[in-house]
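Please read the structure below before turning to the comments.
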Amino acid sequence: MSNWLKQLEEDLDWRLTELAILKKQAVLASKDSDRYRALLRALWAMLYAHYEGFCKFAWDLYLDELQKAGVKRKNCKDEIAKLSLQKQFKRLKGDLSPESIWNFGQTGFRTMLEDNLDFQVKLETKSNLYPQLFKENSLKVCLSCTLVDQYEIELKGLVRRRNEIAHGQKMIIKDLNEYKKYEDAAIEVMHELAIAIVDCLDQRLYLKNP
């Protein structure tokens, strides 16, 4: 088993364990009680936290492994090379003098491409990991994730209703069956992301010529 597969599995396992513990409490609660309704709201908030938390963990692990691989930017797919140059590009924007632009065009850019990947800027979730942001992040690092489109409605609902809970609104979840539909969607998307990362690292799909 690869080290990254082990890390992804361990991170996903503890998150699913927490959700299972809370779900068990909801199952035991009287269905018309305040306790049941409170547990469902807590489950919803925790589901979103683990969905966002796992995605951020997985993307960070992926970029860390790419950086540790010691691969030159010029040998990687353009999207990944561009992400690893975000800090340098921002620095260039701070000095657009003719001399600075000339030096960058003459030697600076070529030198950067010869350097190894270095991700000083990571992928962001913005505390609102809507499907569109998930897709944008995946494209930036050349990961193929298609289930986010299949579950777009559920993921949008997960984020929106979690925000209602976070902002103290009285958002009611009907029952565990309603909750489970959103949990299944989030977990499937998380699993697919993990598989995409393992495949990409194992097969070196981040390279222009794997």
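The values are calculated or read from the model by the stated rules, or taken from the named source; none is laboratory data. All of these numbers come straight from a predicted model, not from anything done at the bench. Cβ coordinates were reconstructed from backbone atoms using ideal geometry, including for glycine residues, and neighbour counts include every protein chain displayed. Keep in mind that these areas ignore ligands, DNA and RNA; they rest on the heavy atoms of the full protein, side chains included. Shrake-Rupley method; radii C 1.70, N 1.55, O 1.52, S 1.80 Å.
Quick notes
- Selection from Thr146, Ser100, Asn177 lying farthest towards where the dipole of the chain points positive, charges on Cβ: Ser100
- Using the alpha carbons alone, the radius of gyration of the range 60-151 stands to its Kirkwood radius in an Rg to Rh ratio of 1.05.
- Proximity of backbone amide H atoms, modeled 1.01 Å from N, is registered between Cys76 and Lys208 at under 5 Å, excluding neighbours fewer than 5 places apart on the same chain.
- A Cβ-based charge dipole, computed about the Cα centre of the chain with Lys and Arg at +1 and Asp and Glu at -1, lands at about 500 debye.
- Semi-axis lengths (Å, descending) of the ellipsoid that matches the C-alpha gyration tensor of the chain: 41, 19, 12
- Among 44-53, 88-97, 67-76, sorting by the average number of other beta carbon atoms lying within 10 angstrom of each residue, highest first, gives 44-53, 67-76, 88-97.
- Gyration tensor verdict on the range 1-111 (Cα atoms; rounded if a/c is under 1.5, prolate if a/b is larger than b/c, oblate otherwise): oblate
- Shown for the chain: the carbon plus sulfur share of the solvent-accessible area, taken with all protein chains present and a 1.4 angstrom probe, equals 53%.
- Remark: the chain carries 55 Å² of accessible area per residue (probe radius 1.4 Å; ligands, DNA and RNA excluded).
- Coil-residue trypsin sites (Lys or Arg not before Pro) of the range 121-210, DSSP, other Cβ within 10 Å capped at 11: Lys126, Lys170, Lys174, Lys208
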